[in-house]
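The values are calculated or read from the model by the stated rules, or taken from the named source; none is laboratory data. Computed from a predicted model, the values in this text were never measured in an experiment. Reconstructed Cβ throughout: ideal geometry from the backbone, glycine too, with neighbour counts over all protein chains shown.
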Amino acid sequence: MRFICAPLCLVLTPISEYIRPKLSNLLSLPAPSAYYSRPISVLADDHFVRAFKGGTGEAKAAGNYGATLYPAKLAKQQGYDQILWMDGQERKYVDEIGTMNVFFIIDGVAVTPMLDGTILEGVTRESVMQLFRDNGIPVEERQVSIDELIAASKNNTLQDAFGAGTAATITHISGFGYKGQHYELPDPTSRSLSIAIKAELEGVKRGSVADRHAGQCTSKLVFLYIPSLLDSGKPFSGLPFVFYPA
């Protein structure tokens with residue numbers, strides 16, 4: 001089988017910090033870095049909207065991310081790391097968190113927003129649900145309201161919350177804010193189930209843990225490195241080439 005190599009280059013940054021790398025300055029070099037190096041706090045936003053039904057919310061489209069930069073900046077000014085996005089109609093049902101799908105464990109049940117045309121159908125999302133089932137944890141794909149999360153936090157049944165994505169794998173949520181109130185979640189170091197699932201997923205990606213549910217992938221992943229990023233003194237992560245069958 002012949003493979004075609006196509007560059008996948010996504011630069012997501014405020015306009016005041018843009019870069020213009022020359023193609024001749026690109027070379028292949030692994031550049032691993034942590035997407036999120038610690039648990040994050042999130043702000044539930046019922047003013048700004050990430051996606052509407054009938055739009056491109058379920059696609060990996062650049063426009064879905066560009067519009068989130070300003071609201072994310074406002075959230076950081078309030079001391080939060082990311083935004084917990086809500087639906088564009090009633091603005092009370094959770095969609096995604098920042099650049100990730102989102103999961104909650106409420107009273108022993110793993111809950112994640114259902115796919116309704118506004119949420120990315122992530123492979124990590126599907127993998128996490130499968131591993132929950134492997135561990136005997138019920139999984140529900142359904143609407144999750146901010147009111148339900150607040151009630152669960154108050155009665156101590158909100159046991160875990162985290163984002164899940166290809167780059168982040170699993171990133172724990174330490175707490176969330178809504179309408180001027182902050183709700184703290186259990187200590188991330190005590191969340192043994194999601195910690196174990198994260199370890200297994202990362203092990204599968206690195207080849208140190210056998211994949212229980214899929215065959216071997218023989219294509220390679222090559223990373224791009226932009227030298228001008230080093231000149232700026234800013235952290236960077238690898239930008240991958242994508243290999244697909246011709």
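Of all the criteria given as (1) at pLDDT 85 or above; (2) within 14 Å of Ser127 (Cα to Cα), the one not satisfied by Ala214 is (1). Only strands (runs of 3 or more DSSP E) whose full extent lies in region 94-185 are considered here, and the ones with at least 2 residues that are modelled with pLDDT of 95 or more, at negative phi and in contact with a helix residue (DSSP H, G or I) (Cβ under 9 Å, 6 or more places away or on another chain) are 101-106, 109-112, 139-141, 158-165, 169-178, 181-184.
Quick one: is Gln89 at pLDDT 90 or above and within 30 Å of Asp116 (Cα to Cα)? Against the criterion (at pLDDT 90 or above and within 30 Å of Asp116 (Cα to Cα)), Gln89 qualifies. Residues that are surrounded by 14 or more Cβ atoms within 10 Å (Cβ to Cβ), of a type in the set (D, E, K, R) and over 26 Å from Asn156 (Cβ atoms) do occur in region 72-88, at least one of them.
Taking the criterion of being in contact with a Leu (Cβ under 8 Å, 6 or more places away or on another chain) and not small (Gly, Ala, Ser), the residues of region 147-158 that qualify are Leu149, Leu158.
One residue is enough: does region 179-195 have a residue meeting the conditions over 29 Å from Ala59 (Cα atoms), out of contact with any Gly (no Cβ under 6 Å at 6 or more places or on another chain), without any contact (Cβ under 8 Å) to a residue 12 or more places away in the chain and of a type in the set (A, V, I, L, M, F, W, C)? Looking for residues that are over 29 Å from Ala59 (Cα atoms), out of contact with any Gly (no Cβ under 6 Å at 6 or more places or on another chain), without any contact (Cβ under 8 Å) to a residue 12 or more places away in the chain and of a type in the set (A, V, I, L, M, F, W, C), one finds none in region 179-195, hence no. Checked against (1) in contact (Cβ under 8 Å) with a residue 40 or more places away in the chain; (2) assigned to a loop (DSSP other than H, G, I, E, B); (3) more than 19 Å from the chain's Cα centre (by Cα), Ala51 meets all criteria but (3).
Going through (1) in contact (Cβ under 8 Å) with a residue 40 or more places away in the chain; (2) within 21 Å of Ala167 (Cα to Cα); (3) surrounded by fewer than 13 Cβ atoms within 10 Å (Cβ to Cβ) one by one, Gly63 falls short only on (1).
In region 135-146, the residues that are farther than 19 Å from Gly117 by Cβ form Cβ pairs under 6 Å with partners that are part of a strand (DSSP E or B) and among the hydroxyl-bearing types (Ser, Thr, Tyr), at six or more places apart or across chains, as follows: Ile146/Tyr178. Among the conditions (1) in a loop (DSSP other than H, G, I, E, B); (2) touching a strand residue (DSSP E or B) at 6+ places or on another chain (Cβ under 9 Å); (3) among the hydrophobic types (A, V, I, L, M, F, W, C), the only one that Ala72 does not satisfy is (1).
Considering Thr112, Thr99, the condition of being more than 14 Å from Ile146 (Cβ to Cβ), within 11 Å of the chain's Cα centre (by Cα) and surrounded by fewer than 23 Cβ atoms within 10 Å (Cβ to Cβ) is satisfied by Thr99 alone.
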